[in-house]
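Every number here is computed from the coordinates shown, using simple stated rules; none is lab data. Just so you know, these numbers come straight off a predicted model, no measurement behind them. Because the Cβ atoms are built from the backbone with ideal geometry, glycine has one as well, and the counts that use them run over all protein chains shown.
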């Protein structure tokens, strides 16, 4: 049995990883649809992700370098989009720090945010 060259094995590993992580769109218009539970799993180690607005059916979120995602609005999370809906502009690009916990958009833990800001030297 012949072994694969290491470079080919490396390319296969990268290809599998790339396809395992759903990458978001480069703009809000290209946002990737994703289940809240999947986005929660992907972002569990981040102190926050950015809420950028809502339309009638979705919340739009920016996850760092991975890009833009959209999750369906649930009854519980409908209030997160209220500001956008009242402004008459579906996506007003208001940036809010949020987390997804138990499949719902919520505010991040203030302690985690504070630690992140100290690490990034944002408060200096």
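At-a-glance table
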| read-out | value |
| --- | --- |
| Order of 70, 26 - criterion: other Cβ atoms within 10 Å of each residue's Cβ, fewest first | 26, 70 |
| Ranked 51, 69, criterion: other C-beta atoms within 10 Å, fewest first | 51, 69 |
